[in-house]
Protein chains: 2
Amino acid sequence: MTKEFQAYIKKVSARIPDEDIPSLFKWAQSRDLKKGEVLLREGEVCREFYLVEKGYLRTWYNKDGDPINLNFTFEGDFTTNLKSLNGRLPSDLTIEAGEDSRMWVFNLDLRREKYESNPEIVLFYRRLAVHVLLASEEHSNLFKLYTPAERYRYIEQNNPRLLQRISLSQIASYLGVTRETLSRIRGKRQ
Amino acid sequence: MTKEFQAYIKKVSARIPDEDIPSLFKWAQSRDLKKGEVLLREGEVCREFYLVEKGYLRTWYNKDGDPINLNFTFEGDFTTNLKSLNGRLPSDLTIEAGEDSRMWVFNLDLRREKYESNPEIVLFYRRLAVHVLLASEEHSNLFKLYTPAERYRYIEQNNPRLLQRISLSQIASYLGVTRETLSRIRGKRQ
DNA sequence: CAAAGATTGTGACTTTTGTCTCAGGTTGGT
DNA sequence: ACCAACCTGAGACAAAAGTCACAATCTTTG
């Protein structure tokens with residue numbers, strides 16, 4: 001249990017007591033992934049949260065054969081498909097490793113021992129759900145409120161590591177434009 | 001306590017027992033609104049959920065003076081600003097009545113008596129939060145995955161009462177296009 | 001190190017959407 | 001019934017983004 005992991009948890013819920021954090025990881029499993037390996041496949045029901053320890057995850061939707069990137073999750077952040085997890089529905093999106101990565105996998109089998117032994121875990125999962133959804137809402141607002149160029153500038157200001165680590169083509173899909181358009185936006189530099 | 005109210009609650013959480021539903025409404029207040037009256041103003045901290053009994057609510061964001069519609073909430077549905085409520089942050093959006101309306105206002109003062117007397121209420125609020133966020137995610141996906149014309153067709157199929165009750169100009173703002181463009185999409189009828 | 005493959009930048013052209021304008025219709029209040 | 005405010009549809013033009021093609025550059029791999 002490093003300081004880093006504590007910081008990751010605190011980012012989700014600052015109110016959680018330090019002494020409860022080890023018990024969260026007690027029920028989580030570490031998992032290594034090769035680039036391109038899939039954590040959640042389209043059609044499967046999602047039952048887990050993922051915390052990225054190293055590398056990053058790419059979440060994408062298959063629109064008539066073309067992938068559309070919805071999210072990139074980097075070190076220290078959580079992701080999942082909450083719609084699938086909450087409603088026990090088949091996932092309409094895929095979560096896969098963008099590079100060789102290491103995860104912490106938090107399984108959500110809340111009926112088991114962890115529930116009895118530590119109600120703080122249940123509370124944490126609920127806060128985690130809201131946290132993940134609010135994060136995804138931020139990306140949504142990019143689309144509702146900004147033009148493509150404004151979206152790029154926003155990412156430039158607020159999430160520059162995304163631009164450093166993801167290829168232009170992948171970012172274009174994430175911003176909802178073609179790669180040519182993104183290339184031009186970037187060229188204008190204004 | 002009518003059957004209708006029970007159905008509204010069950011839509012959020014099918015697992016809640018019938019006998020707990022009256023206690024939810026015990027702590028809610030009924031409120032009448034004139035068209036245009038504001039429930040949550042930009043800059044205020046949101047502390048409530050709203051259940052629409054009659055009429056509808058319009059949620060909008062002020063972008064450089066122009067309103068952008070983010071949500072319409074009709075009879076039987078809940079809304080709130082969860083980002084503001086969850087983080088005690090000033091709201092960056094406004095919620096107001098689109099016609100003369102009647103609400104049920106659920107105040108979120110969880111430290112009070114309701115907490116002690118009925119932990120089911122707290123559980124319900126957490127589920128409500130996820131419910132509201134997942135609903136807003138659906139609207140977001142319209143933007144991330146579809147073109148303006150596809151968005152309109154989607155609403156036509158999945159939420160036709162919106163088209164019947166909201167003016168073209170307001171819908172255009174909701175779909176992220178000008179009213180002229182929406183008028184053309186509608187004209188093509190294809 | 002060289003060849004193959006992927007990624008990016010650029011230009012010409014097309015399609016879509018926005019902007020500006022105006023005319024006709026609807027609604028609500030007096 | 002009248003007026004004002006708002007809403008809708010349509011046309012002409014401008015701006016933005018997409019499509020297609022190809023060259024230049026970067027990466028990977030044998």
Inset, instruction - Find out how many positive minus negative residues lie around B:GLN6, taking Lys and Arg as positive, Asp and Glu as negative, among other residues whose Cβ is under 13 Å from that of B:GLN6. - result: -1
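Just counting partner chain Cβ atoms within 10 Å, what average do the residues of peptide B:136-148 show around their Cβ?
If you average over the peptide's residues, the count of other-chain Cβ atoms is 5.
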Inset, instruction - Kindly identify the stretch A:146-190 as rounded, prolate or oblate by the Cα gyration tensor criterion: order the square roots of the eigenvalues as a ≥ b ≥ c, call it rounded if a/c is under 1.5, otherwise compare a/b with b/c, prolate if a/b is larger, else oblate. - result: rounded
Inset, instruction - Shortest first and in nm with one decimal, please list how far the B:ASN107 label point sits from its counterparts in the other copies (point 7 Å along Cα→Cβ). - result: 4.5
Inset, instruction - Would you list, by chain and number, the aspartates and glutamates whose Cα falls below 17 Å from the Cα of B:LYS144, excluding same-chain residues fewer than 8 positions away? - result: A:ASP64, A:ASP66, A:ASP92, A:GLU137, A:GLU138, A:GLU150
Legend entry - Rg to Rh quotient for the stretch B:1-113, alpha carbon positions, Kirkwood Rh: 0.98
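Quick check on my link table: of B:LYS10/B:LYS34; A:LYS34/A:LYS63; A:LYS26/A:LYS54; B:LYS3/B:LYS35, which ones sit more than 22 Å apart, alpha carbon to alpha carbon?
B:LYS10/B:LYS34; A:LYS34/A:LYS63; B:LYS3/B:LYS35
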Inset, instruction - Please give the per residue volume of the convex hull enclosing the alpha carbon atoms of chain A, rounded to a whole number of Å³. - result: 127
Legend entry - Value of D in µm² per second that Stokes-Einstein yields for the protein assembly as shown, Kirkwood Rh from Cα pairs, at 4 °C (1.567 mPa s): 58
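Since every read-out is calculated from the coordinates, none of them should be taken as a lab result. These numbers were taken from a predicted model, which means no experiment stands behind them. All Cβ positions, even for glycine, are placed from backbone atoms using ideal geometry, and neighbour counts span all protein chains on display.
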